[in-house]
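The values are calculated or read from the model by the stated rules, or taken from the named source; none is laboratory data. Since we're looking at a predicted model, the values are computed, not measured. Counting neighbours? That spans all protein chains shown, and the Cβs are built from the backbone with ideal geometry, glycine included.
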Amino acid sequence: VAAQSGVSKQTVSNVLNSPHLVAAETALKVREAIDALGYRPHRAAQQLRTRRSRVLALRAEQELSNKVFDRFLHALTEAAAAREYRIMLYVAADDDAEIAAYDELLDRWDIDGIVLTATHPGDQRTAYLARAGVPCVTFGRPWDGSGHHPWVDVDGAAGTRAATEELIADGHRRIAYLNSEPHTAPPWSDLPFSLSRDRRSGWEKALKQAGVPILEPVTCDSDIAAARLATHQLLDELEPTAMVCDSDTVALGALVEITGRGLRPGIDIAVVGFDNSEICEVLGLSSVAQPLVEAAHHCVRMLVDVIESTETTRPAGEQILLPPTFVRRATSGPQQSQANSGPHQSRAHGPHQSRATSGLDQPGVANGPHQLRAAAAAGPRASTAGSGKYGAEAPVRLIQWSGRPPG
């Protein structure tokens, strides 16, 4: 390559490894020679010289139902490949086992850095890596306030607040919250800051801001069966017209109980999930979408910047809080009049009577993930006064997609 482009081998090395040191015209000439010759760097030889493996480690989530992690992993792998890094997965039963695995990862595989997920108050992993001098970045903020490492997180409170504000704008005034916790409460579960409490705080803030009564949150394990039982209790005791759930899994359990009673999600009671997993399009479930691709790209960028820096050029611990997006689908709709029956009484069923659905065949919403109709208004509009259970309804904002939903 050096001979064909008329430069030194060091210049070729700079083009490949430190392009900012090379003039644009020279770099172009070298890259043209690289393309013409089909040259590809030998990573094993480079590793001997640079002492970098170009491998980033990530602990694999052990819950098979964790689709959020699956999507984050896919995006992280693509972002790493764009920077010519690879992702190595490892498993650990808990934080202590993960910390014990770090020595093997560093000694045997010579990894360059680690991406951590599932952060929580009292998390010791980042402190351990900081003491060992291992670059790391977390997808999740340090809930205990430590700031010695870069992190990216999604503003869960902003997501549930946006979803709750939409329900309030639809005229709902009894909005329940279904809160999930792990099967076994971790030792930090009674601390004031955690993922579940962050999401719940957004719901509370929206209700307080609007002067709407705050119903007692109902807590359950984070699985469908437990969520269905919790929804049974919630419907009987609180009689809400809408529900905000802190995950799509919990929302799915709520839908099972609601439709089992012959009620229609989005018509008789609104339901909103969190995570916007693939099942949401199938069921027409409104949900809060996390910007996982953007989060993954930030994680790789920040971690690689630290790895490839020197003591004098090392960036400060960058901290990014990304806003989520509320995606309206069929299960959230305006507050309906309940003049003739209570909102949670079973409906009569017959061949010519209304049947329980997931809300996909209600008027104005087409069936199927690629047929959501455009019904978006240019701005807020007022509905007919006195049409809802609570009199004049709040302004309704419609956020619905037309054509193929965005990928």
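Annotations for the structure displayed:
- Of all residues in the stretch 276-307, those that are part of a helix (DSSP H, G or I) and closer than 20 Å to Met243 by Cβ total 5.
- All positions within the stretch 104-137 that are in contact (Cβ under 8 Å) with a residue 24 or more places away in the chain and touching a His at 6+ places or on another chain (Cβ under 9 Å): Leu116, Leu129, Pro135, Cys136, Val137
Every residue, every condition in (1) part of a loop (DSSP other than H, G, I, E, B); (2) under 20 Å from the mean Cα position of the chain (by Cα); (3) buried (at least 22 other Cβ atoms within 10 Å of the Cβ); (4) modelled with pLDDT of 90 or more, yes or no:
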residue: Asp144; (1), (2), (3), (4): yes, no, no, no
residue: Gly147; (1), (2), (3), (4): yes, no, no, no
residue: Thr160; (1), (2), (3), (4): no, yes, yes, yes
residue: His172; (1), (2), (3), (4): yes, no, yes, yes
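- For first residues located in the stretch 294-312 and farther than 13 Å from Cys136 by Cα and in contact (Cβ under 8 Å) with a residue 24 or more places away in the chain, partners that are among the hydrophobic types (A, V, I, L, M, F, W, C) and part of a helix (DSSP H, G or I) and lie 6+ apart or on another chain with Cβ distances below 6 Å form the pairs Ala296/Phe72; Ala296/Ala75; Ala296/Leu76; Ala296/Ala79; His297/Ala79.
- Top-ranked residue in the stretch 131-142 [being within 30 Å of Tyr177 (Cα to Cα) and in a loop (DSSP other than H, G, I, E, B); ranked as modelled with the lowest pLDDT]: Pro142
- Looking only at residues of the stretch 203-238 that are β-branched (Val, Ile, Thr) and in contact with an Asp or Glu (Cβ under 7 Å, 6 or more places away or on another chain), we find that the one that is nearest to Leu252 (Cα to Cα) is Thr231.
- Of all residues in the stretch 213-250, those satisfying the criterion of being in a helix (DSSP H, G or I), touching a Leu at 6+ places or on another chain (Cβ under 8 Å) and either farther than 19 Å from Arg173 by Cα or without any contact (Cβ under 8 Å) to a residue 40 or more places away in the chain (or both) are Ile224, Ala227, Ala230, Asp248, Val250.
- For the stretch 78-100, the condition holds for no residue, the condition being that it is acidic (Asp, Glu), surrounded by 14 or more Cβ atoms within 10 Å (Cβ to Cβ) and either in a loop (DSSP other than H, G, I, E, B) or out of contact with any helix residue (DSSP H, G or I) (no Cβ under 8 Å at 6 or more places or on another chain) (or both).
- Some residue of the stretch 30-44 being modelled with pLDDT of 95 or more and either surrounded by fewer than 18 Cβ atoms within 10 Å (Cβ to Cβ) or over 25 Å from the mean Cα position of the chain (by Cα) (or both): no
- Residue match in the stretch 293-301 (condition: of a type in the set (A, V, I, L, M, F, W, C) and surrounded by fewer than 17 Cβ atoms within 10 Å (Cβ to Cβ)): yes
- Qualifying residue in the stretch 270-282 (condition: over 19 Å from the mean Cα position of the chain (by Cα), buried (at least 21 other Cβ atoms within 10 Å of the Cβ) and aliphatic (A, V, I, L, M)): yes
- Residue in the stretch 311-320 that is within 20 Å of the chain's Cα centre (by Cα) and either in a strand (DSSP E or B) or at pLDDT 95 or above (or both) present: yes
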